[in-house]
Amino acid sequence: MPHRTEIPRITWHGPLFGPSGYAEVSRNVVAGLMKLEIPVRLQPVWGDAPASRAERREPGLFEAEIDGFHRYLKIDTPIDPAFRDRLLKATFRPAGGVHIILHPPADSKGLDFYDLSRRLAPMHVARVGYTMFETDRIPAAWVPCLNRMDEVWVPTTFGRDVFITCGVDPDRIRVMPFPADPDVYHPGAAPLSIGAPAGFTFLSIFEWTKRKG
């Protein structure tokens, strides 16, 4: 057994190295935890970055641990190299402490991702589910998944009210706003260049799916 002080206080589970909004939230949260010198163990999810079956590191691949497996990842998302290396190193820390999973609770067939994470790593002292939904109701399959957690975090008061209305235990819910990088998002920041426009230019900051309306 490792010495008690070797066990991180937080295990952060979720997308981490990909280009999704979930992954960007994870990186910002973890950057804040590291700045505060809070021990954190990272557990990336499958599919966040393509994993190789290579038995050793190859050019362009990065070492990480995912669900207890040593993997080599292809990371195309622009991440500061020094920060990326800190993230990768933190995947090899032992699991323990409070487990926070940033992920939808279940898929369209009702598969409980939170329960799966409990079975993969049963040693945590408390479980937090961090998630969101854009409309005035959440999928029915989510409710029992959320009510089995010690706490449920949502980023807005709107989300809190919707989750409670749909049957999530109000005593479990906490509003935890998403973090932002003030070095990137601040008053007076220069607009991003989109190159030479050709006709109309459309900007999408979400995936084009039915769920997004």
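The values are calculated or read from the model by the stated rules, or taken from the named source; none is laboratory data. Everything quoted here is computed from the prediction, not taken from an experiment. For neighbour counting, all protein chains shown are included, and Cβ atoms are generated from backbone atoms with ideal geometry for every residue, glycine included. Side chains are part of the model used for accessible areas, which takes the heavy atoms of the whole protein and leaves out ligands, DNA and RNA. Shrake-Rupley method; radii C 1.70, N 1.55, O 1.52, S 1.80 Å.
Look at the dipole of the chain built from charges on Cβ: of HIS99, TYR114, ALA54, the Cα furthest out on the positive end belongs to ALA54.
Computed as a quarter of the hull surface, the mean projected area of the alpha carbon convex hull for the range 12-111 stands at 7.0 nm². Among residues other than ARG148 with Cβ under 15 Å from its Cβ, the summed charge is -2 (Lys and Arg +1, Asp and Glu -1). Between the residues PRO44, ALA190, ILE75, the greatest Cα displacement towards the positive end of the dipole of the chain, with unit charges on the Cβ of Lys, Arg, Asp and Glu, is found for PRO44.
In the full protein context, the range 1-145 carries 54 Å² of accessible surface per residue, based on a 1.4 Å probe and ignoring ligands, DNA and RNA.
Express in nm, to one decimal, how much length is gained between THR77 and PHE202 on full extension, taking 0.36 nm for each residue of separation and deducting their alpha carbon distance. Write down the numbers at each step before the final one.
On the way: separation 125, 0.36 × 125 = 45.00 nm, distance 2.17 nm.
Stretched out fully, the THR77 to PHE202 stretch lengthens by 42.8 nm.
Would you be so kind as to identify all helices of the chain, as entire DSSP H runs, whose Cα atoms reach 15 Å or more along the helix's own axis and whose mean Kyte-Doolittle hydropathy is at least 1.6? Numbers along the way, then the final one.
On the way: long enough: 21-35 (21 Å, 0.24).
Helices meeting the criterion: none.
The calculated P(r) of the chain, using every Cα pair and 5 Å bins from 0, goes 1, 6, 13, 17, 18, 17, 13, 9, 4, 2, 0, 0, 0 in percent.
When a 1.4 Å probe is rolled over the protein heavy atoms, the share of accessible surface on the chain that falls to carbon and sulfur comes to 58 percent.
Counting other Cβ atoms within 10 Å of each Cβ, which chymotrypsin sites (Phe, Trp or Tyr not before Pro) in the range 116-213 have at most 15 and sit in a DSSP loop? Write down the numbers at each step before the final one.
Working: sites: TYR130, PHE133, TRP142, TRP153, PHE158, PHE163, TYR185, PHE200, PHE202, PHE206, TRP208; in loops: PHE133, TYR185, PHE200, PHE202, PHE206, TRP208.
Here the chymotrypsin sites (Phe, Trp or Tyr not before Pro) that fit, given the DSSP loop and packing criteria, are TYR185, PHE200, PHE202, PHE206, TRP208.
A Gaussian network model of the chain, with springs between Cα atoms under 10 Å, assigns the largest mean-square fluctuation among SER108, SER26, SER193 to SER193. Just grab the label-to-label distance for ALA31 and VAL184, each label 7 Å out from Cα along the Cβ direction, in nm (one decimal). It works out to 0.6 nm between the two label points. Shape summary: the range 88-213 maps onto an equivalent ellipsoid whose semi-axes, from the alpha-carbon gyration tensor, are 32, 21, 16 Å in decreasing order. Ignoring lysines fewer than eight residues from LYS89 along the same chain, the ones with Cα atoms less than 29 angstrom from its Cα are LYS35, LYS74.
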